[in-house]
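Participant: First the structure, then my questions, so here it is.
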Amino acid sequence: MYCVCKQHVELAIDKFVDEYEDAPDIVSLMTTKFTDWEAPATCDMCDDIAEYLVV
């Protein structure tokens, strides 16, 4: 699972496919809220705002 900015979505998809050998789901963190989990504020790969969850 990766929380990433728009710039790093493709890299996160590539890493996910390499690790799990399956296509990920991509969820917008701007429009989706979770009750039991709070998304990190910043991208896993830089300090920009995390906009997408690649899972």
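Participant: Inside the range 9-35, can you point out the residues that are open to solvent by 30 Å² or more (accessible area, probe 1.4 Å) and not in a loop (DSSP other than H, G, I, E, B)?
Facilitator: Of everything in the range 9-35, those that are open to solvent by 30 Å² or more (accessible area, probe 1.4 Å) and not in a loop (DSSP other than H, G, I, E, B) turn out to be Glu10, Leu11, Ile13, Asp14, Lys15, Val17, Asp18, Glu19, Tyr20, Ile26, Val27, Ser28.
Participant: Same structure again: Which pairs turn up if I take residues in the range 5-31 that are within 15 Å of Val55 (Cβ to Cβ) and look for partners that are open to solvent by 100 Å² or more (accessible area, probe 1.4 Å) with beta carbon separation below 9 Å, at least 6 apart in sequence or on another chain?
Facilitator: Qualifying pairs under 9 Å: Phe16/Met1; Pro24/Met1; Leu29/Ile49.
The values are calculated or read from the model by the stated rules, or taken from the named source; none is laboratory data. The structure presented is a predicted model; accordingly, all values stated were derived computationally and were not measured. In this analysis, Cβ positions are derived from the backbone assuming ideal geometry, glycine residues included, and neighbour counts consider all displayed protein chains. All accessible areas refer to the heavy atoms of the entire protein, side chains included, with ligands and DNA or RNA removed. Shrake-Rupley method; radii C 1.70, N 1.55, O 1.52, S 1.80 Å.
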